[in-house]
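Right, one structure below, let's go through it.
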Amino acid sequence: MRSITVALVVLAVLAAGVTSTAQEYTIGPGDILKITVWGHDDLSKDYPVTLDGRVPFPLIGGVQAAGLSTNELARRLRDLLEKDYLVNPQVIVSVKDYLSSKVHVLGEAEKPGLFYLTGPTTLLEMLSKAGGLARSAGKDLVLVRTEGGKPGDAAAVRSTVLLRFDLRKIQAGDVKENVLLQNGDMMFVPKASAFFVLGEVNKPGTFPLDKEIAALEAVTLAGGFSSTAAPSGAKVLRRTAEGKQETISIDLSGAVPRDKNFRLEDGDTVMVPKGNTFFVFGEVRKPGAYQLDKETNVLEGITIAGGFTDKAAPGRTRVIRTTDKGQQTIAVDMNDVIRRGQREKAIRLLENDVIVVPESFF
């Protein structure tokens with residue numbers, strides 16, 4: 001009898017140790033529970049929680065488990081078994097597989113994916129599970145949460161809310177920002193907004209767009225113009241909402257540049273050419289800026305840029321030219337030049353001309 005009493009005491013201590021780490025976890029449908037009844041191997045096994053939140057248990061039938069902690073379920077099982085079947089049963093409940101509460105982590109995390117909540121989990125803890133922030137991550141975190149009713153309750157009126165948090169505050173330990181996650185939450189880490197400055201600047205590269213930035217300020221951040229730069233021929237390459245590339249000519253020359261206040265957008269590229277330069281963009285193999293060191297025509301310019309790609313539409317080639325009166329677009333059917341031998345249509349290029357070869361529709 002003494003040995004049985006000691007064993008029961010040890011069992012109680014073990015039960016306290018097991019449940020202390022999981023007592024705050026709320027059991028849900030889909031979880032796999034490990035239930036041990038001391039001295040009854042036929043009852044001690046793994047039990048799944050069904051979709052209606054019950055555990056099918058021998059002798060006593062389905063027992064409501066969803067919404068309870070492991071301690072609460074252990075007490076319920078003990079009471080039901082003691083009522084009609086066992087004398088002073090000792091029951092331990094632990095969660096073997098946490099499968100009921102899910103959170104998706106999307107965007108700029110090192111290891112985005114589906115994660116299961118194993119207890120109270122904060123935004124920062126979940127980011128840690130997802131490998132931390134990627135280098136391309138921005139400074140915000142968006143949490144998409146469904147509120148109203150319980151998941152799976154078709155009769156409940158539910159709404160989706162978007163909550164925005166400051167990652168800098170979360171990482172600094174701000175508990176108001178570092179909230180607890182709920183089942184069904186989706187965490188999204190957006191990319192950092194950025195722009196690029198390339199060409200004839202002293203420190204070309206990628207720069208964060210964390211405030212309103214004008215083109216001249218962008219060049220300053222990139223170390224200023226190089227000694228061979230042609231500020232009057234600067235270009236901004238911009239991707240439109242339709243996915244097409246737009247080329248915008250800007251003049252950054254002089255003490256008070258005409259386009260110094262031109263505002264950049266996320267993803268813009270400021271291209272500063274060398275003096276006496278032309279550009280080739282679109283469906284060519286080597287788009288970029290090239291030195292205009294001789295009388296070069298449009299065909300030669302495309303050849304210098306590696307020629308057409310397989311997706312090119314040569315017949316819709318155009319040359320964008322900046323004049324004193326503004327921007328001029330010159331259509332050049334390169335099929336006439338190449339296939340029909342009409343070389344006179346291969347116009348001579350001028351400094352800062354931009355050749356654009358569009359993509360074919362077919």
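The values are calculated or read from the model by the stated rules, or taken from the named source; none is laboratory data. Keep in mind that what you see is a predicted model, and the values were worked out from it rather than measured. As a convention, Cβ positions derive from the backbone with ideal geometry for all residues, glycine included, and neighbour counts pool all protein chains shown. For accessibility, only protein heavy atoms count, side chains too; no ligands or nucleic acids. Shrake-Rupley method; radii C 1.70, N 1.55, O 1.52, S 1.80 Å.
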Can you work out which of the residues in segment 161-217 that are of a type in the set (Lys, Arg) and part of a loop (DSSP other than H, G, I, E, B) is least open to solvent (accessible area, probe 1.4 Å)?
LYS211
Sort out which residues of segment 111-138 are open to solvent by less than 20 Å² (accessible area, probe 1.4 Å) and more than 30 Å from GLY267 (Cα to Cα), and write them in order of number.
LEU117, GLY119, THR121
Residue satisfying all of: in segment 218-233; open to solvent by 40 Å² or more (accessible area, probe 1.4 Å) and in contact (Cβ under 8 Å) with a residue 40 or more places away in the chain; farthest from SER193 (Cα to Cα) among these
THR228
Of everything in segment 316-335 that's modelled with pLDDT of 95 or more and open to solvent by less than 30 Å² (accessible area, probe 1.4 Å), which residue is nearest to VAL272 (Cα to Cα)?
VAL319
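Across segment 299-308, which residue is surrounded by the fewest Cβ atoms within 10 Å (Cβ to Cβ) among those that are under 12 Å from PHE279 (Cβ atoms) and not small (Gly, Ala, Ser)? If you could, list the steps in order and put the result at the bottom.
Just the residues of segment 299-308 that are under 12 Å from PHE279 (Cβ atoms), to begin with: 301-302, 304-305.
Next, from what is left, pick out any that are not small (Gly, Ala, Ser): 302, 304.
Numbers: ILE302: 26, ILE304: 18.
Once the filter is applied, the top-ranked residue is ILE304.
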Restricting the search to segment 266-281, which residues are part of a strand (DSSP E or B), open to solvent by less than 40 Å² (accessible area, probe 1.4 Å) and not hydroxyl-bearing (Ser, Thr, Tyr)?
VAL270, MET271, VAL272, PHE278, PHE279, VAL280, PHE281
Being part of a strand (DSSP E or B), of a type in the set (A, V, I, L, M), modelled with pLDDT under 95 and open to solvent by less than 30 Å² (accessible area, probe 1.4 Å) is the requirement here; does VAL236 meet it?
yes
In segment 239-258, the residues that are in a loop (DSSP other than H, G, I, E, B) and acidic (Asp, Glu)
GLU242, ASP251
Name the residues in segment 201-224 that are of a type in the set (Asp, Glu) and either in contact with a Cys (Cβ under 8 Å, 6 or more places away or on another chain) or modelled with pLDDT of 90 or more (or both), would you?
GLU212, GLU217
Kindly evaluate SER227 against the criterion of being at pLDDT below 90 and either assigned to a helix (DSSP H, G or I) or touching a Pro at 6+ places or on another chain (Cβ under 7 Å) (or both).
no
For segment 183-215, the count of residues that are in contact (Cβ under 8 Å) with a residue 40 or more places away in the chain and more than 19 Å from the chain's Cα centre (by Cα) equals 11
Strands (runs of 3 or more DSSP E) enclosed by segment 61-110 - at least 3 residues per element that are open to solvent by 50 Å² or more (accessible area, probe 1.4 Å):
102-107
Restricting to segment 37-60, name every residue that is of a type in the set (S, T, N, Q) and either open to solvent by less than 10 Å² (accessible area, probe 1.4 Å) or within 30 Å of LEU181 (Cβ to Cβ) (or both).
THR50
